[in-house]
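Below: the structure, in structure tokens.
The values are calculated or read from the model by the stated rules, or taken from the named source; none is laboratory data. Since the model is a prediction, treat every value here as computed from it, not as a measurement. Virtual Cβ from ideal backbone geometry, glycine too; neighbours counted across all protein chains shown. Just the protein is used for accessible areas: all its heavy atoms, side chains included, with ligands, DNA and RNA removed. Shrake-Rupley method; radii C 1.70, N 1.55, O 1.52, S 1.80 Å.
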Amino acid sequence: MSTETPTTDPARTADSFISRLLLASAGALVVLVLLASLGRLPLLAHAFLVRQDIAITLTLAMLFVVFAPLIARSRDQNPLFALERRHVAIASLIVVIVCLVGFQTVLWGRDLSRDEQMAMFDARTFAAGHWIGIIPENWVGFRPALNTIFMQSGLAGSAWASDYRPINSALHAIGQLLGYAHIVGPLFGALGLWATWRCARLMWPDGSGSEAVTVSVVTLLLSAQFLLNAMTAYAMAPLLALNMVWLLLVWRDDKPSHAGALAIGFFATGLHQVLYHPLFAFPVAAVFLIQRRWGLAAIYALAYPAFILFWEMFSGLRADWASVLPMAGAAAGPATGAAGGLLDQARNLAGEFGWGSVTIQAANLVRLLSWQHIAFLPLLIAGGVRAWRTRDTRLLTLVAIIVLTIAIKLVLRPYQGHGWGYRYLHGALGAMCLLCGAGWIELRQRGIAHARVFITLSLVTLVTIIPLRFYHAYEFAGAFARPAFAAMESGADIAIVDNLAAPFSQDIVINDPFVRNRPVMLLASGVSPAQMAALCRDYRITTVDRRDLAAVNAFFRRPLAATQPSRSDATMAAAAQCRADQRSRSASSR
């Protein structure tokens, strides 16, 4: 009696893999949505989830389930086009143009969040040739009303400055001196795209890897998160670009490249917050230990703590350089307190960890994945499978970058506040796109890399996800921009903003480092009725009140009638009366 050896049908195995891949992607999206929905999210995270993210995420999950059998049965083996240098140059130029136009149109030509505003605040300070902004004497008494959120504490008298690291601001200062500060994001967006292409070429230099290079670049180019963050003054576009240039230099692995990588690492650590670039660099540099390259590992192990310490000391050093005395009772010297302060901050943030952190991080990941190329998540998972199956050092390093960043931010305050996509993973977005390229190779080797499907999904992303996300940004930014522009165009000397009348309405109050702007923007909660009476005698007044902020409250689903009385009501009433009296006097004098 003969026995037949069972054989595995390669086509059936491939069909099974692509089906499981798409179903796993759908399942992951649904689980993330459920986790995000189970907790009590911060107001802004909840609004973004409900108003912008859930519908797209669940639609993607449904599409993955519906089309899994169809894609599994497809036998398209057409090659994907290969990107050449000129294609990347054209794509980079498109990024610059789209982001320049997008800032003025999609984002209303205005810095929305305090992160962006602080970047530009220090940029204006540096461009004016100063280390620290100075409040004129007649406005020092109104310091709290000028909006000091995310300002450096401990500066005495008239001095004020951002509490962020300075490199992002320095880049924007250079842009301002060259004629346009907001050119920085678009240029670094283009640099990030180019550096991702170069890293992909380095990973897959031969012709067989050209499709993976294309996938890596296209998934980044068609990321709404990538494009929108490159429109802003956030440090995210420079962080992504510098991370990818750093990775390219480290992977080139010669002495000049490592020297360049260390120089870039120093500046990248000082972009915004000291945590983000070292999170990217650590898994890459840890490979030197595995390879027993003790000298090189020691150089990086000594360099990065020094970078972090220097930038943690910077705020105090800047005050010293500007000859600004510390406020009475402030901490002693920057050198003595930097390391201890950093550890205390980490302990305090870690102490906030709990179930709420899990739900917030789930909402963050929903936001991340729903702002990307439609094929991003399946390709990313396939790239992870390839990294595990081949044990390729570079691919495993990319996985480690992503996992480490998610894990650390889960423990250390995952809430991002404002953000187009998930900002805290933006520095790792290039690494994720490289993994998508590896995922394509995995699919190709299994005979299920469908070029027509990828091209179709790219076109669908271009005409649906990106315009929809641009509209989401336009709608949200416009709710704050319209009342801000109305105040700026009023011809008044001072604008009193009812910062307790709507969520984040304090972000409308933006002032120049030397308070040269008119109108001067003041938080109503920081102005007493007596001060308001004094201002009314000397200045023309306008207001941004609850009715002006109706669109903001509508976004957060807070009806005007539901807005509670607040301690700013008396000041707003005095400001409104002052405004009416001034209009009456102006009309009677004509």
* Asked: In the neighborhood of residue 124, defined by Cβ-to-Cβ distances under 12 Å, what is the net charge if each Lys or Arg adds +1 and each Asp or Glu adds -1?
  -> -2
* Relative contact order computed over region 480-589 (Cα-Cα under 8 Å; 6+ residues apart), in percent -> 34 percent
* To do: Would you pull out the residues with amide H under 5 Å of residue 422's amide H, same chain only if 5 or more places away, H placed 1.01 Å from N?
  => 368
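To the nearest 500 deg cm²/dmol, what mean residue ellipticity at 222 nm is calculated for the chain from DSSP H runs of n ≥ 4 alone, each contributing -39,500 (n - 2.57), summed and divided by the residues? Intermediate values should be presented prior to the final figure.
Details: 23 runs with 369 residues, N = 590.
Computed mean residue ellipticity for the chain: -20500 deg cm²/dmol.
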* **Bridge type composition, region 480-589 - antiparallel percent by DSSP, nearest 5** => 0 percent
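For the peptides 379-386, 578-585, what is the packing order when you average, over each peptide's residues, the other Cβ atoms within 10 Å and list the highest mean first?
Numbers: 379-386: 23.5, 578-585: 13.9.
Descending mean neighbour count gives 379-386, 578-585.
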* Asked: Taking the Cα atoms only, what angle lies between the long axis of helix 393-411 and the longest principal axis of the chain, rounded to 10 degrees?
  -> 40 degrees
* Taking a Cβ-Cβ separation under 4.7 Å as the criterion for a possible partner, which cysteines of the chain have none? -> 99, 199, 433, 436
* Asked: If you take the beta carbon distance between residue 253 and residue 390 as r and set R0 to 22 Å, what does 1/(1 + (r/R0)^6) give as a FRET efficiency, to the nearest 0.05?
  -> 0.65
* Taking each pair of different alpha-carbon atoms in region 198-298 once, compute 1/r for the pair, average those values, and report the inverse of that mean as the Kirkwood hydrodynamic radius in Å to one decimal. => 14.9 Å
* Using θ = phi - 60° and Karplus 6.51 cos²θ - 1.76 cosθ + 1.60, couplings along region 179-192 (whole Hz; Gly, Pro as x) -> x, 7, 5, 7, 6, 5, x, x, 5, 6, x, 5, 5, x
* Structure fact -> Output ordering of 64-71, 483-490 (per-residue mean of other Cβ within 10 Å, highest first) is 483-490, 64-71
* Asked: By how many degrees, between 0 and 90 and to the nearest 10, does the Cα long axis of helix 85-105 differ from the longest principal axis of the chain?
  -> 30 degrees
* **Long-range HN-HN contacts of residue 83 with modeled amide H, under 5 Å** => 214
* Structure fact -> With the 8 Å Cα cutoff and a minimum separation of six or more residues, the chain has a relative contact order in percent of 20 percent
* Name the residues whose placed amide hydrogens come within less than 5 Å of the amide hydrogen of residue 155, ignoring near sequence neighbours (fewer than 5 apart) on the same chain. => 327
* For region 455-468, what does the Karplus curve 6.51 cos²θ - 1.76 cosθ + 1.60, with θ = phi - 60°, yield as ³J(HN,Hα) per residue in whole Hz, taken in order and with x for Gly and Pro? -> 5, 4, 5, 5, 5, 5, 4, 5, 9, 10, 4, 5, x, 5
* **Distance from region 264-328 to region 50-69 (C-alpha centre basis), Å** => 40 Å
* Applying the Karplus parametrisation 6.51 cos²θ - 1.76 cosθ + 1.60 with θ = phi - 60° to the phi angles of region 292-301, what ³J(HN,Hα) value in whole Hz is obtained for each residue in order, glycine and proline being reported as x? -> 6, 9, 4, x, 5, 4, 5, 4, 5, 5
* Structure fact -> Rounded to the nearest Å, the spacing of the alpha-carbon centers of region 186-262 and region 504-525 is 37 Å
* **With every protein chain in place, the chain: carbon and sulfur % of accessible area (1.4 Å)** => 64 percent
* **Cβ-defined net charge surrounding residue 269, 14 Å radius [Lys, Arg +1; Asp, Glu -1]** => 0
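Going by average Cβ neighbours within 10 Å, how do the peptides 152-163, 31-42 rank, with the highest at the top? All intermediate terms of the calculation are to be shown ahead of the outcome.
On the way: 152-163: 18.3, 31-42: 16.8.
Highest-to-lowest ranking by the protection proxy: 152-163, 31-42.
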* To do: In whole angstrom, note down how far apart the Cα centers of region 453-471 and region 24-38 are.
  => 22 Å
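Per residue, how much accessible area does the chain show when a 1.4 Å probe rolls over the protein heavy atoms, in square angstrom? Don't skip to the end; give the middle numbers.
On the way: 25010 Å² over 590 residues.
Accessible area per residue: 42 Å².
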* Asked: How high is the relative contact order of region 368-510, in percent, with contacts defined as C-alpha pairs under 8 Å that are six or more residues apart?
  -> 29 percent
* Sorted largest first, extent of region 480-589 alpha carbons per principal axis (Å) -> 42, 29, 25
